[in-house]
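Notes follow once the structure below has been shown.
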Amino acid sequence: MSMIGEYVRLGPADFERALREPEWAQDFVAALFDAERDVPPVPSRARCHSTDKTWHALSFLLARTGFPVDVVHGDEEVPDAGDWGCAPPRYLTPERVAAAADAMAGTPHPALLDGVTPRDLAAAEVYPVVVWERGESLEWVTDHYRHLARFFRAAARDGDAVLMWIA
């Protein structure tokens, strides 16, 4: 079974409701993912995003840069939410989303790879280890970083909070 990093943008009213009613949030988010899978929106309007299996590599690489916001695991758990895959969802408030978007704008994707090789990720047991043991390119991760940065820019522009989880 693969572990996939998932994200959803929520406007203020939906975010507040998600924090109060986590079961509603799970159903609402599932409907958003289904709708976008059926009719993909233009990237700047996407409410849902996936970093595929790069979530752990993104976390590892961003931590090395001293990145100020945890865009992979969020700041806090959604209260009383059950597992949405591997764990309960977590979130960033609109203010933290804006801080993350600003930090991403100041962290170009080449900076993530400065002095890092696939061997380093394998030694640190970054998921999926087998990919790094084979010595595959880190471009896969930086491609996802660029898309994640665009997702966060759009969320910040619209004043959205972001929920994230590993499915």
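The values are calculated or read from the model by the stated rules, or taken from the named source; none is laboratory data. Just so you know, these numbers come straight off a predicted model, no measurement behind them. For neighbour counting, all protein chains shown are included, and Cβ atoms are generated from backbone atoms with ideal geometry for every residue, glycine included. Calculation scope for accessible area: heavy atoms of the full protein, side chains included, ligands and nucleic acids excluded. Shrake-Rupley method; radii C 1.70, N 1.55, O 1.52, S 1.80 Å.
Results, tabulated for the structure shown:
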item	result
Filter pass, Asp14 being surrounded by fewer than 15 Cβ atoms within 10 Å (Cβ to Cβ), farther than 26 Å from Thr142 by Cα and either at pLDDT 95 or above or touching a strand residue (DSSP E or B) at 6+ places or on another chain (Cβ under 8 Å) (or both)	no
Residue ID - farthest from Trp132 (Cα to Cα), chosen from residues in region 46-58 that are out of contact with any helix residue (DSSP H, G or I) (no Cβ under 7 Å at 6 or more places or on another chain) and touching a residue at least 60 places away in the same chain (Cβ under 8 Å)	Trp55
Pair list, Cβ < 6 Å and 6+ apart or interchain, from region 1-25 residues that are within 26 Å of His56 (Cα to Cα) to residues that are open to solvent by 70 Å² or more (accessible area, probe 1.4 Å) and modelled with pLDDT of 95 or more	Pro22/Asp80
Matching residues in region 130-143 - criterion: being open to solvent by 40 Å² or more (accessible area, probe 1.4 Å) and of a type outside the set (D, E, K, R)	Val130, Gly135, Ser137, Trp140
Subset of region 136-156 (residues that are over 13 Å from the mean Cα position of the chain (by Cα) and touching a residue at least 40 places away in the same chain (Cβ under 8 Å))	Leu138, Trp140, Ala154, Ala156
Residues (open to solvent by 80 Å² or more (accessible area, probe 1.4 Å) and either aliphatic (A, V, I, L, M) or in contact (Cβ under 8 Å) with a residue 60 or more places away in the chain (or both)) located in region 30-45	Val39, Val42, Arg45
Qualifying position, being surrounded by 18 or more Cβ atoms within 10 Å (Cβ to Cβ), out of contact with any Cys (no Cβ under 7 Å at 6 or more places or on another chain) and under 20 Å from Phe28 (Cα atoms), among Ala156, Ala149, Ala161	Ala161
Search result, residues across region 100-126 that are under 25 Å from Arg9 (Cα atoms) and open to solvent by 40 Å² or more (accessible area, probe 1.4 Å)	Asp102, Ala105, Gly106, Pro108, His109
